[in-house]
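Structure first, then comments.
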Amino acid sequence: MLPMPDPQRAHGAPSASGAPAGDAPLRARTFLAMGTVVSLTVAFPDGHSDEATDRLDAASRVIEADFEALEARFSLFRNDSEASALARGVLRLAHASPLMRGYYAEAVDWRRRTHGAFTAERPDGVLDLSGLVKGRAIAEAGRSLAALGLHHWCLNAGGDVLVSGTPTPDPAGASSTDGGGQRATGGRAARPWLAGIVDPADRRTLLGAYPLGDEPSTAASAAASPAALADASGAGAGTGEGPATAGTRLALATSGSAERGDHIWAVGRGRPEFVQVSVAAADIVTADVLATAIVAGGRDMLDLATAQWDVDVLAVTRDGGLLATRGFRAPRAA
Amino acid sequence: MRARAAAAAALASAGILAAGWQAGNQVIEASSTTGVAKTGTGATGNAGAGDSTGPASGGAGSSTGTGGTGSSGGTGSSGGTAGSSGSQGSSSSASLKNGTFNGPSEDTRFGTVQVAIVVAGGKITDVKSLHLTDAERRSQMISAYAAPILRSEVLKAQSVNVDTVSGATITSDAYLTSLQGAVDAAHA
């Protein structure tokens with residue numbers, strides 16, 4: 001466990017008494033992984049019981065192992081990793097593990113789909129899958145949490161977020177998602193997880209927020225937009241194929257060009273147009289890859305992303321201006 | 001191992017082929033989208049449009065409700081010119097055979113689109129949408145276009161009210177400049 005920073009040092013830091021409405025206490029654990037901090041927050045109906053504490057601690061250890069397993073294989077900062085062996089030329093990709101080759105194939109596919117804005121090759125030619133691995137690790141950890149029977153949690157790995165359920169589960173302990181809407185009307189209504197987004201100009205403050213949850217809490221905005229397409233879907237189109245229905249937003253990833261400047265390379269000329277890009281999507285790998293790709297690829301990639309994927313995007317330009325899809329806007333009057 | 005390498009190489013080249021194929025498709029899509037715009041407008045501007053234009057663009061033409069509605073709406077000006085060309089071209093209609101004809105399956109920015117036209121008496125009498133789905137589950141509802149907004153227009157939250165904090169990854173000691181740290185501390 002890490003020593004917690006003094007809450008007083010942060011502007012507007014929450015105090016225990018300032019917990020959001022809803023009576024299920026949130027419990028959090030943190031650990032170090034992949035050069036950053038991972039926070040697991042779980043909403044238990046009986047949050048302060050010993051059982052809840054035990055389950056939280058156990059879950060935290062399990063996902064810490066998930067992260068460690070991937071880091072041990074893919075970290076370029078570890079000399080004994082498979083990724084380092086590849087980088088040194090000791091190991092060839094054709095002889096690499098199935099997992100390594102699978103991730104490489106996935107990275108190549110993302111490169112194609114983002115028209116080269118996302119790439120797993122550093123300019124020096126070294127294969128660097130870190131842009132994919134963290135999202136993968138978060139997704140793996142999410143599967144572990146589900147396997148452990150946890151339904152209401154928020155996982156934050158260095159600012160990339162994946163959620164399940166709600167921070168205000170039914171005290172009766174029903175883990176099933178009730179069919180009703182998820183309007184955050186306070187009280188015991190299940191509300192979405194609310195993720196704040198850091199202001200890149202002043203990282204102690206929030207630029208905005210975005211609701212994440214199983215129910216497409218932002219789907220109203222997505223559904224309202226392309227009336228023409230609803231028309232177009234006429235005969236053949238099935239809606240909601242697959243596990244994630246349109247408008248579902250369980251994941252939010254933010255990438256920046258200021259931090260870890262070695263991490264994202266602008267495509268072509270000059271400095272990146274955007275200093276920070278947040279992408280909300282149904283899954284964390286898509287959110288993470290697209291956020292990275294938009295920072296690297298600028299406006300063209302932003303337009304490609306919003307056209308090709310069901311995502312919301314908030315981009316901060318170098319002069320502090322904002323570009324946003326509807327999901328990042330304050331609610332309409334309606 | 002050798003077999004694996006060969007398989008990997010084959011996969012890679014298949015990927016390249018697929019990419020090239022897609023690039024080709026983009027061109028096709030561009031041209032057929034223009035066709036939609038032309039005849040769509042031609043139909044309104046010119047009562048005879050239905051039996052006027054060539055088979056391919058005619059098929060797309062009455063599909064205003066189907067495939068490319070969004071894009072055809074966008075190109076109003078080209079539609080204007082097409083209206084007149086439609087009226088000039090009303091001689092080429094006799095060659096349409098009766099029957100139902102499936103158009104090609106096109107990857108568009110809205111997903112995969114395929115339409116069929118029904119021809120009776122040498123005229124297109126119906127256009128059906130055969131396919132508008134999307135293998136990768138990118139939804140039929142595309143995301144809203146990202147537009148410039150003011151800071152005051154962003155969905156806001158006080159930091160005391162958020163459950164988690166998203167930001168660009170930084171080193172662990174900065175820990176999202178302790179905003180996330182503070183949230184975690186409150187939930188310890």
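The values are calculated or read from the model by the stated rules, or taken from the named source; none is laboratory data. Worth saying up front: this structure is predicted, and the values here are computed from it rather than measured. All Cβ positions, even for glycine, are placed from backbone atoms using ideal geometry, and neighbour counts span all protein chains on display. To get the accessible areas, we keep the full protein, side chains included, count just its heavy atoms, and leave off ligands, DNA and RNA. Shrake-Rupley method; radii C 1.70, N 1.55, O 1.52, S 1.80 Å.
Every test in (1) open to solvent by 10 Å² or more (accessible area, probe 1.4 Å); (2) touching a residue at least 24 places away in the same chain (Cβ under 8 Å) is passed by A:Val90 save one, and that test is (2). Condition check: of a type in the set (Asp, Glu) and modelled with pLDDT under 90. Does A:Asp50 satisfy that? Criteria met by A:Asp50. Only a single criterion out of (1) more than 7 Å from chain B (Cβ to nearest Cβ); (2) touching a strand residue (DSSP E or B) at 6+ places or on another chain (Cβ under 7 Å); (3) open to solvent by 20 Å² or more (accessible area, probe 1.4 Å) is not satisfied by A:Ala305, namely (3).
Filtered by the rule that a residue be touching a Lys or Arg at 6+ places or on another chain (Cβ under 7 Å) and open to solvent by 40 Å² or more (accessible area, probe 1.4 Å), the range A:100-127 gives a lone residue, A:Thr119.
Being at the interface with chain B (Cβ under 10 Å from one of its Cβ atoms) and of a type in the set (D, E, K, R) is a condition met by at least one residue of the range A:317-328. Taken over the range A:266-283, the criterion of being in contact with a helix residue (DSSP H, G or I) (Cβ under 8 Å, 6 or more places away or on another chain) and more than 11 Å from chain B (Cβ to nearest Cβ) is satisfied by A:Ala266, A:Val267, A:Pro272, A:Glu273.
Note on the range B:118-143: among residues that are at pLDDT 50 or above and open to solvent by less than 20 Å² (accessible area, probe 1.4 Å), the one that is farthest from A:Thr286 (Cα to Cα) is B:Gly122. Among the residues making up the range A:48-69, none is buried (at least 22 other Cβ atoms within 10 Å of the Cβ) and over 24 Å from A:Val133 (Cβ atoms).
Each row is one residue, and each column tells you yes or no for (1) surrounded by fewer than 16 Cβ atoms within 10 Å (Cβ to Cβ); (2) within 11 Å of another protein chain (Cβ to nearest Cβ); (3) in a loop (DSSP other than H, G, I, E, B); (4) at pLDDT below 90.
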residue	(1), (2), (3), (4)
A:Thr30	no, yes, no, no
A:Asp46	yes, no, yes, yes
A:Glu71	no, no, no, no
A:Leu76	no, no, yes, no
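The rows are residues; the columns are (1) open to solvent by 40 Å² or more (accessible area, probe 1.4 Å); (2) modelled with pLDDT under 95; (3) assigned to a strand (DSSP E or B); (4) of a type outside the set (Gly, Ala, Ser).
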residue	(1), (2), (3), (4)
A:Gln182	no, yes, no, yes
A:Ala209	no, yes, yes, no
A:Glu215	yes, yes, no, yes
A:Leu229	no, yes, no, yes
A:Gly238	no, yes, no, no
A:Gly242	yes, yes, no, no
A:Ala253	no, no, yes, no
A:Arg260	yes, yes, no, yes
